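The values are calculated or read from the model by the stated rules, or taken from the named source; none is laboratory data. Because the structure is predicted, anything quoted here is derived from the model rather than measured. We place every Cβ from the backbone using ideal geometry, glycine too, and count neighbours over all the protein chains shown.
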Amino acid sequence: MAEKKLIDALAAEVIEELVKLKYSYNSLCGYRSSFKRICKFAEERGEKYFSELLGRQYLEEKYNCSIDYKAHPFPPKSQHAIRSIRLLGDYQLHGVVVRRIVKRKGYVKPPQFEQALIAYEKECQENEYSRRGMRTRLQRLFFFVDYLSLRNVMSLKEITPALISDYVVYISPKHEKSMASILTTLRVFLRFLFHHEYTEVDLSLSVPKQSKYYYPSIPATWKPDEVQKLLAAVDRGNPSGKRDYAILLMITKLGLRVGDVKALKLSELNWSTKTMTLIQEKTKQETTYPILHDIGWALIDYLKNARPVCSTSHVFIRMIPPYEAFGEHANLHHMITKYIRRAGIDVPRGKRHGLHSLRHTLASTLLEQGASLAMITEVLGHLNSKSTSVYLHTDIKHLKDCALDPEEVLANE
């Protein structure tokens, strides 16, 4: 363990690190003032070193903040104080500045099921589920765990087929697609419990099967002129605009998923062949995309004239210090929302308008232009054409060709 530093020396080192991370002048002034108040608080109590206990006492006395401030909503006007305490604590422990603190606690596993849930999570990791996939599976599973707690089940061995049946009735109001996914996750978990002897009976056999077929909603798409308005609304004269324009072009013209755009690395750009090769986050398939003329120039403009100098290898990064890749859960929805408003595009109430809708628009446009379903499947990076077939519902022009002539039908009766 590193030797503890005097609290004023620790605060000075944190400020020095923030300077290196290019925090703004105003932010630095704010943290200097905050650290000064914390140091004074420590001095009044005869404390020479920072500790988590000291931090909690400071927040409680000065801001009426709960001891468990990581798990509860922030009290009014306490966010900056909490952030200051976390900066000192994290830097003392790890020697680094952690950009964001945890605002909400994660799922709290009931003690009676904790061991089995941790073991199941480990198996999911060993099976190389993606982070997103594992998170989704666990969220579905926690529905069942919460139901067990609701029924006062204190041991996994108390789970019965009747209890599972009651649970199915309990969740039946959910969407058919969600129902099928939840039951599949439950079946896999119960099979895991049996194979690892947490239960004496294979209860997965008691989970009813639910057809996964459902009528998917028609994908939300944009008109060609709306896409052009959206792109034209981007201010390419400032760094953020240069970055956003390159991102929007890659999604509208190549159909990349937001996750793949965020994960794109500098090493994956091959300028000599004008291509980029990446592993798709969702399918884990290696895919090569062309760097089209306008995309190439947008990337060059961003990389040469806007992207801050930093150590991260990601192409697209945040434009405020510390300069780093977008967070795992960032869907960049704020980006498209900003430009929709700026472009004056009217979005009907209830219409989905996230960045994924631009991907839908590309697929629908290709279909209208006569592209085959197989080609669109390849462009979008789907594993099979079943996922792509939903776009057939958007091709009104060709759907009209399938319409029957009533007079012809009646004449043949």
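Restricting attention to segment 269-317, the residues that are touching a helix residue (DSSP H, G or I) at 6+ places or on another chain (Cβ under 6 Å), in a helix (DSSP H, G or I) and not charged (D, E, K, R) total 4. Within segment 231-258, residues that are outside any helix (DSSP H, G or I) sit with their Cβ atoms under 9 Å from residues that are among the acidic types (Asp, Glu), at 6+ positions apart or across chains, in these pairs: 234/244; 235/244; 236/244; 236/301; 257/281. Applying the criterion of being touching a residue at least 60 places away in the same chain (Cβ under 8 Å) and more than 16 Å from residue 323 (Cα to Cα) to the residues of segment 3-30, the residue that is surrounded by the most Cβ atoms within 10 Å (Cβ to Cβ) is 11.
Of the residues that sit in segment 314-363 and are small (Gly, Ala, Ser) and more than 21 Å from residue 238 (Cα to Cα), which one is modelled with the lowest pLDDT? Ranking the candidates gives 350 first.
Restricting attention to segment 191-211, the residues that are of a type outside the set (Phe, Trp, Tyr), free of Cβ contacts under 8 Å to residues at least 24 places away in the same chain and not in a loop (DSSP other than H, G, I, E, B) add up to 4. Among the residues making up segment 1-52, those that are closer than 17 Å to residue 90 by Cα and part of a loop (DSSP other than H, G, I, E, B) are 1, 2, 3, 4, 5, 21, 50, 51.
Scan 62, 77, 70 and give me the residue that is surrounded by 13 or more Cβ atoms within 10 Å (Cβ to Cβ), modelled with pLDDT under 85 and of a type in the set (Lys, Arg). Answer to the check: 70.
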